[in-house]
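What follows is a single structure, written as structure tokens, with notes after it.
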Amino acid sequence: MPNQYRLKNCPTCGVEHRKKGPYCSRSCGNGREFTEEQKKNLRIKNREYYQTPEGIATAKKISAVNSGEVASGVDIDEWSVDIPEVHDLRDYDNFLEGFDRADKW
């Protein structure tokens with residue numbers, strides 16, 4: 001019969017099922033255990049993220065929510081970056097220190 005999987009047991013609850021994958025339902029599949037190596041890698045990635053501007057803003061919002069404050073306490077100045085005004089290529093030469101344009105070669 002097409003679209004029918006073999007009979008198997010769910011490793012979490014032991015129910016027999018004919019669904020795709022080893023688990024009988026999404027809730028049984030969510031009980032995943034992480035190894036120590038996976039936990040270590042997740043910690044490293046998390047620390048790297050919280051060093052970025054997005055991570056800092058996220059941490060501030062989380063701490064504001066946890067302390068009962070309004071979560072909009074992140075200023076736009078913490079995110080903003082100055083964008084230079086470039087009207088033509090001569091304005092752009094000021095930002096290319098140490099590099100020459102092709103017409104100067």
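The values are calculated or read from the model by the stated rules, or taken from the named source; none is laboratory data. Here the structure is a predicted model, which is why all the values come from computation and not from measurement. Cβ coordinates were reconstructed from backbone atoms using ideal geometry, including for glycine residues, and neighbour counts include every protein chain displayed.
Could you tell me how many of the residues in region 15-38 are surrounded by fewer than 10 Cβ atoms within 10 Å (Cβ to Cβ) and either at pLDDT 90 or above or under 30 Å from Ser80 (Cα atoms) (or both)?
4
Please go through region 26-62 and pick out each residue that is of a type in the set (Lys, Arg) and over 28 Å from Cys13 (Cα atoms).
Across region 26-62, the qualifying residues are Lys40, Arg43, Lys45, Arg47, Lys60, Lys61.
Would you point out the residue of region 59-75, among those that are in a loop (DSSP other than H, G, I, E, B) and not acidic (Asp, Glu), that is modelled with the lowest pLDDT?
Top of the filtered list is Ala71.
Tally time: how many residues in region 14-39 are in contact (Cβ under 8 Å) with a residue 12 or more places away in the chain and not in a loop (DSSP other than H, G, I, E, B)?
Of the residues in that region, 2 qualify.
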